[in-house]
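The values are calculated or read from the model by the stated rules, or taken from the named source; none is laboratory data. Owing to the predicted nature of the structure, the values given are computational and were not obtained by experimental measurement. Positions of Cβ are backbone-derived with ideal geometry, glycine not excepted, and every protein chain shown enters the neighbour counts.
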Amino acid sequence: MPCRAFRTAVDDRLDGSPDALQLVQAAPHLRRCPPCLAWVVARHAYRRMMQRLGDAVVAPLDLRDRIRGVLQREAARDAQRPNA
């Protein structure tokens, strides 16, 4: 399994994908690829840190407003399409 496919499988699993077979197929790659092992360790540490922070990290108001504006414009554009 190439590194990119391995990392996608791990990310999918961490994001809640129940595809255990994909992760089982990825296990041999992890045993023979030190860079991917280091990546998994860092990925897990990052997720734990983000879970501990929880709601303590809040996007700046201007960022939230810009994102909201983009989403509203996209929704309006999609509503104007004939097949919407």
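For region 40-84, what are the residues that are surrounded by 11 or more Cβ atoms within 10 Å (Cβ to Cβ), at pLDDT 90 or above and either assigned to a loop (DSSP other than H, G, I, E, B) or within 20 Å of the chain's Cα centre (by Cα) (or both)?
Ile67 - this is the single residue of region 40-84 that is surrounded by 11 or more Cβ atoms within 10 Å (Cβ to Cβ), at pLDDT 90 or above and either assigned to a loop (DSSP other than H, G, I, E, B) or within 20 Å of the chain's Cα centre (by Cα) (or both).
For region 1-28, which residues satisfy the criterion of being in contact with a helix residue (DSSP H, G or I) (Cβ under 6 Å, 6 or more places away or on another chain) and at pLDDT 85 or above?
Cys3
Mind listing whichever residues of region 33-69 are touching a residue at least 12 places away in the same chain (Cβ under 8 Å) and among the hydrophobic types (A, V, I, L, M, F, W, C)?
If the condition is that a residue be touching a residue at least 12 places away in the same chain (Cβ under 8 Å) and among the hydrophobic types (A, V, I, L, M, F, W, C), then Cys33, Cys36, Trp39, Val40 are the ones that fit.
Check whether at least one residue in region 2-13 is surrounded by 10 or more Cβ atoms within 10 Å (Cβ to Cβ) and in contact with a Lys or Arg (Cβ under 8 Å, 6 or more places away or on another chain), and report yes or no.
Yes: one or more hits.
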